[in-house]
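The values are calculated or read from the model by the stated rules, or taken from the named source; none is laboratory data. Fair warning: this is a prediction, and the values are worked out from it, not measured in the lab. Cβ: placed from backbone, ideal geometry, glycine included. Neighbour counts: every protein chain shown. These accessible areas exclude ligands, DNA and RNA; they are computed on the full protein's heavy atoms, side chains included. Shrake-Rupley method; radii C 1.70, N 1.55, O 1.52, S 1.80 Å.
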Amino acid sequence: MMGGTLRRIAPQLIILGVVILLNFIVFPGFFSIEFQNGRLFGNIIDVLNRGAPVALLATGMTLVIATKGIDLSVGAVMAIAGAVAASVVTAGGGWFLALLAALAAGLACGSWNGILVAVFRVQPIVATLVLMVAGRGIGQLITEGKIMTFNDPGLIHLGAGTILGLPTPVYIWVIMGGLITYVVRRTALGMLIESIGINETSSRLAGINSRVLLVAVYLVTGFCAALAGVVVAADIKGADANNAGLWMELDAILAVVIGGNSLLGGRFSIIASLLGALIIQSVNSVILLSGMPPEFNLVIKALLIIVILFIQSPAVQHAIYLFRASTPPHAPNENGAKNNQTAKESLS
Amino acid sequence: MSTTPEPVLQATGVSKFFPGAIALDDVSLSLYPGEVHALLGENGAGKSTLIKCLTGAYKRDAGTILLDGKEIDPRDPQGSLALGIGTVYQEVNLLSNMTVAENLFLGWQPMRHGMINNREMVKRSKEVLSGFGLDIDPSQLLSSYSIAIQQVVAIARAVELAGKVLILDEPTASLDREEIDLLFSVVRKLTERGLAVVFITHFLDQVFEISDRATILRNGRIVGTRELANATQTEIVTMMLGRQLEEAKKERGKAVIGETILELKNYGRRGTIEPFDMILHKGEVIGLAGLLGSGRSETAGVIFGSTPADQGTATLNGEAIKIDSPRSSIHLGFGLCPEDRKTDGIVGDLSVRENIILSLQARRGWTRPISRAKAEKIAEDYVKKLDIRLASLDMPIRLLSGGNQQKALLARWLATEPDILILDEPTRGIDVGAHAEIIELIQTLREQGMALIVASSELEELITYSSRIVVLRDRRQVKELQGDEISIGAIVRSIAEEGGAQL
Ligand SMILES: Nc1ncnc2c1ncn2[C@@H]1O[C@H](COP(=O)(O)OP(=O)(O)OP(=O)(O)O)[C@@H](O)[C@H]1O
Ligand SMILES: [Mg+2]
């Protein structure tokens, strides 16, 4: 089983390796790590830390996409969660209550999406678009249109603090990703989610409760998005409902796609999506370290991502496969010869 | 049918390898103009694979194909279509979210001022379909019609496009006698025009009825080609199986009928099936007979809860029950093996193992996963019991041959050990050998005390195992036959009583 997982994530590992190599080429000090004031500093640490929001979003998004759905509202949910957390601490509620309130808000958003999709059968892209558009408005209502700053050390710790020298957000996304992977693969949830993503009618007729499962995956994305929202707000010590998590839903979807998960649903790998999130963050890092003018950032990012997706496209994969398997393993020689002959003839 | 010396299509030395399986090994096939050529073999013998290699749906690993003496190498089904080879694949590949007319004319739509001329397309669709005895509205979505109609649409499309060769992979599996007759008359017209027709089926009667020659495949190899005028069914079956077929128990086993398990009163669903009464006992098989669209599958769906009843009452073992979803009925010990295995049955990308344990797992709930080892054991048991041919339990079920998918679905439901098992066309796409085994299996299950409801269009099969037969017409139960009343003649009479077969 381990071997299977490794084979599954091999492309993502290779791409990550290449992008990290690019980082090293443009900035030879990329791997150096320093220890100062009880905290590790270094570009690698930065990638792991800055990648936290997208990694968190990608964890939930993987499950939604596995059911053939999509959640466009996660960026807006981040804004709502940040706003809720900020307003609770500024009202003197303490960091833990603020976190709980933010997560509850995320779950509420998730259940809204989930019910639209599972019960009212609204197409996921449309259903979640509602909250994507309305969410920032809700966030602004909570913060009363301002950037709501706070200085509660407990809450700030979640975004900017360290534990044993490593930034807290790294723990948050690793634990969250690991936990959900564990739950999904140790129970039958993973298979059941894949089943409804592949063929919902068959799954329902086989007795799978697709409604409950659908609501559940949107709850998970809402929860993950809220966590990401808290991390981002804590990092900048304030809730900015206008900008928090802006366009981040797209990065999350991209992470899932780079992770080799099909947007058509079915088989999924959370670990591969997490690697996808790290790849995106490493690409950001290359652009930053190469000192290119920031105007180029988005263009270069787009180019790199096109290359990554191109390499993963079925056509190219097939070409690589053909290149490697130029002699069919089972074919007796005589058939192989015939085969070559046909190939030549059809070429001429 | 005189066989002219020049074959229209000649395939030589075709081989196809899959990981863990040699699907075709040095297969050759010649088709002559004006002949109907049957392609026969067990489930998994390689019939569909051969077709796909000929049309370019699969890339063959070896072999040459000549069309009218010239070598061809179609890259994809479109390529072979352009060459005049029209094909209906076993899994009908139409676009269910497009209209019937669009499906018929996809790729060659009538144009007007650079736009698709929709009115013309609908009009011509009507003409084409009426040639198949189908009077439906072609501007409706394909998905709004039954699988049988979809099958006819696929056939009509292939027939319209086939200039030289028409290939039909199990076209009659979901058709009634009446549509089959229409199909055969179309086929005869085509062969008179000099087309060659390849016909794949597991119905030997139909083979002898329409075909001139038959080529038999076994385990990916050619066993032989026979002129059917001087061959017998037994001979052909022996070639297919590599052994003699033991006759299935023909006598209707005297059922030992136990106590009542399920009682339905005035049970029905508006717009789907008229209310009916039914009493089902342990150890008995109720057969559902009727034409396509008569309400066989609808009855099954209402009992199972996939389209829940909206009137009437149900009692299970004397207790009132309410069935509002497949989930609720599965928990009560029901199972339904559906008619349309592709859309309602298999979960294509999941492995055979996962597909077999799917319902069992769904019933246990997500918190109690079936361990890998246990799943493997269950799946292996049924693979052996039902003789499912596969390369590995881990292969996606969509890669199995049609008949083997059907057996795997049967395994899924047997694995839940239901008290009441509803089977909708259980032998669809199953080969002659396995056919007899499944009939025997149904009888064994019944003897073990299971209660079964079986819908089938194969009356001969139905009367073998049913202790009672319910005849349906126009979504209504019109007759119940018991004991000595049961005969094919009696069923056919009650089906036809008011004439007017409707799709
Ligand atoms: N893409 C694939 N990958 C691996 N194995 C395959 C693939 N397609 C077919 N096979 C295997 O090739 C064999 C031949 O399958 P094929 O579908 O041609 O059988 P068939 O004669 O049409 O049977 P049936 O009567 O059940 O339709 C089967 O054992 C099947 O599992
Ligand atoms: Mg087949």
- Query: Checking B:ALA451 against (1) in contact with a Leu (Cβ under 6 Å, 6 or more places away or on another chain); (2) open to solvent by 10 Å² or more (accessible area, probe 1.4 Å), which test does it fail?
  - Reply: (2)
- Pairs with Cβ under 8 Å, 6+ apart, first in segment B:388-404 and in contact (Cβ under 8 Å) with a residue 24 or more places away in the chain, second away from ligand 2 (no atom under 12 Å from the Cβ) and of a type in the set (S, T, N, Q): B:LEU393/B:SER351; B:ASP394/B:SER351; B:MET395/B:SER351; B:PRO396/B:SER351; B:ILE397/B:SER351; B:ILE397/B:ASN355
- Message: Which count do you get for residues in segment B:155-206 that are within 16 Å of ligand 1 (Cβ to nearest atom) and part of a helix (DSSP H, G or I)?
- Response: 2
- Query: Restricting attention to segment B:331-338, does a residue exist that is within 16 Å of ligand 2 (Cβ to nearest atom) and open to solvent by less than 40 Å² (accessible area, probe 1.4 Å)?
  - Reply: no
- Message: Looking only at segment B:410-431, count every residue that is touching a residue at least 12 places away in the same chain (Cβ under 8 Å) and either in a loop (DSSP other than H, G, I, E, B) or surrounded by fewer than 19 Cβ atoms within 10 Å (Cβ to Cβ) (or both) and tell me the total.
- Response: 10
- Item | Selection status of B:SER359, touching a residue at least 12 places away in the same chain (Cβ under 8 Å) and over 20 Å from the mean Cα position of the chain (by Cα) | yes
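Residues are listed down the side, and each one gets a yes or a no for (1) of a type in the set (A, V, I, L, M, F, W, C); (2) open to solvent by 10 Å² or more (accessible area, probe 1.4 Å); (3) free of Cβ contacts under 8 Å to residues at least 24 places away in the same chain:
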| position | (1), (2), (3) |
| --- | --- |
| B:THR172 | no, no, no |
| B:VAL186 | yes, yes, no |
| B:ALA196 | yes, no, no |
| B:HIS202 | no, yes, no |
| B:ILE210 | yes, yes, no |
| B:LEU217 | yes, no, no |
| B:ARG221 | no, yes, no |
| B:GLU227 | no, yes, yes |
- Message: Looking at segment A:181-211 only, could you name the residues that are touching a residue at least 24 places away in the same chain (Cβ under 8 Å), open to solvent by 20 Å² or more (accessible area, probe 1.4 Å), farther than 17 Å from B:ARG353 by Cβ and within 14 Å of chain B (Cβ to nearest Cβ)?
- Response: A:LEU189, A:GLU200, A:ARG211
- When segment B:434-448 is checked residue by residue, the ones that are β-branched (Val, Ile, Thr) and open to solvent by less than 40 Å² (accessible area, probe 1.4 Å) are B:ILE438, B:ILE439, B:ILE442
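If you check B:LEU360, B:LEU386, which single one turns out to be more than 13 Å from chain A (Cβ to nearest Cβ) and either of a type in the set (Val, Ile, Thr) or crowded, with 18+ Cβ neighbours inside 10 Å (or both)?
B:LEU386
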- May I ask you to say which residue of B:ILE216, B:ILE222, B:ILE210 is away from ligand 2 (no atom under 16 Å from the Cβ), within 18 Å of B:LEU54 (Cα to Cα) and of a type in the set (Val, Ile, Thr)? B:ILE222
- Item | Test for B:GLU447: is it farther than 29 Å from A:SER195 by Cβ and within 15 Å of the chain's Cα centre (by Cα) | no
- Message: When you check B:TYR32 against the structure, is it away from ligand 2 (no atom under 16 Å from the Cβ), in contact with an Asp or Glu (Cβ under 9 Å, 6 or more places away or on another chain) and away from chain A (no Cβ under 14 Å), yes or no?
- Response: yes
- Message: Please verify whether B:VAL92 is modelled with pLDDT of 90 or more and closer than 23 Å to B:LYS189 by Cβ, treating the condition exactly as stated.
- Response: no
- Note on the structure: Selection over segment B:52-79 where residues are near ligand 1 (Cβ under 8 Å from one of its atoms) and either open to solvent by less than 40 Å² (accessible area, probe 1.4 Å) or touching a Lys or Arg at 6+ places or on another chain (Cβ under 7 Å) (or both) yields a count of 1
- Message: I'm checking my understanding of the structure. Among residues of segment B:304-315 that are touching a Leu at 6+ places or on another chain (Cβ under 7 Å) and open to solvent by less than 20 Å² (accessible area, probe 1.4 Å), which one is modelled with the highest pLDDT?
- Response: B:PHE304
- Which listed residue is outside the structural domain of B:ALA173 (by TED's automatic domain parsing), open to solvent by less than 30 Å² (accessible area, probe 1.4 Å) and at pLDDT below 90, from B:ARG473, B:ARG493, B:ARG468: B:ARG473
- Listed residues B:THR367, B:THR313, B:THR343; which is at the interface with chain A (Cβ under 7 Å from one of its Cβ atoms) and more than 19 Å from A:LEU213 (Cβ to Cβ)? B:THR343
- Query: Here is a list of conditions, (1) in the same structural domain as B:ILE370 (by TED's automatic domain parsing); (2) within 16 Å of ligand 1 (Cβ to nearest atom); (3) charged (D, E, K, R), and B:GLU425 meets all of them except one; can you say which number that is?
  - Reply: (1)
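Does B:LEU39 fit the bill of being open to solvent by less than 20 Å² (accessible area, probe 1.4 Å), more than 13 Å from ligand 1 (Cβ to nearest atom) and either outside the structural domain of B:GLU227 (by TED's automatic domain parsing) or touching a Ser or Thr at 6+ places or on another chain (Cβ under 8 Å) (or both)?
no
Of a type in the set (Gly, Ala, Ser), away from chain A (no Cβ under 14 Å) and either in a strand (DSSP E or B) or away from ligand 2 (no atom under 16 Å from the Cβ) (or both): does that describe B:GLY44? Steps first, please.
Numbers: of a type in the set (Gly, Ala, Ser): yes; away from chain A (no Cβ under 14 Å): yes; either in a strand (DSSP E or B) or away from ligand 2 (no atom under 16 Å from the Cβ) (or both): no.
No.
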- Of the residues that sit in segment B:257-277 and are within 27 Å of the chain's Cα centre (by Cα) and open to solvent by 10 Å² or more (accessible area, probe 1.4 Å), which one is nearest to B:GLU485 (Cα to Cα)? B:GLU274
- Pairs, first in contact (Cβ under 8 Å) with a residue 12 or more places away in the chain in segment B:126-149, second of a type in the set (Phe, Trp, Tyr), C-beta under 8 Å, six or more apart: B:ILE136/B:TYR145
- Task: Identify the single condition in (1) farther than 20 Å from A:ALA83 by Cα; (2) at pLDDT 95 or above; (3) not charged (D, E, K, R) that A:PHE223 does not satisfy, given that it satisfies every other one.
- Result: (1)
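From the list A:VAL170, A:VAL174, which one is farther than 30 Å from B:VAL347 by Cα, open to solvent by less than 20 Å² (accessible area, probe 1.4 Å) and away from chain B (no Cβ under 14 Å)? Break it down into steps so the answer makes sense when it comes.
Working: A:VAL174 fails: open to solvent by less than 20 Å² (accessible area, probe 1.4 Å).
Residue meeting the stated conditions: A:VAL170.
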